[in-house]
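Visitor: To start, I am sharing the structure in question, which I have written as structure tokens.
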Amino acid sequence: MSTNQNEKLTLEIANKLKEIRLKKSLTQTDVAKKAGINSNYYSKVERGEAKPSVVTIEKITKALGITSSEILPF
């Protein structure tokens with residue numbers, strides 16, 4: 001996968017996370033606390049500046065009450 005494809009995928013996931021969070025009227029801090037991760041790190045995930053591990057994605061999806069298929073475009 002090229003760097004451009006990686007960046008596109010990262011931003012697509014980031015945008016979906018933000019969209020879902022806003023629909024649920026949650027702050028980034030709310031999600032981070034529920035997921036047990038640092039709120040600054042979660043903010044970077046939502047901006048597409050960080051690439052979370054599979055374990056972290058699992059924590060975030062559980063915190064949002066969604067499945068990974070709702071944010072992963074594949």
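FYI, it's all coordinate maths here, none of it is from the lab. Here the structure is a predicted model, which is why all the values come from computation and not from measurement.
Visitor: Taking a cut-off of 19 Å between Cα atoms, list the lysines near Lys59, but don't count ones fewer than 8 places away on the same chain.
Guide: Lys59 reaches Lys16, Lys18, Lys23, Lys24, Lys33, Lys34, Lys44, Lys51.
Visitor: Turning to a different aspect of this structure: What do you get when you divide the Cα radius of gyration of the chain by 2.2 N^0.38 Å, with N the number of residues?
Guide: Scaled against compact globular proteins, the figure is 1.01.
Visitor: Based on DSSP H runs of at least 4 residues, each adding -39500 (n - 2.57), what is the mean residue ellipticity at 222 nm of the chain after dividing by all its residues, to the nearest 500 deg cm²/dmol?
Guide: Estimated from H runs of four or more residues: -20500 deg cm²/dmol.
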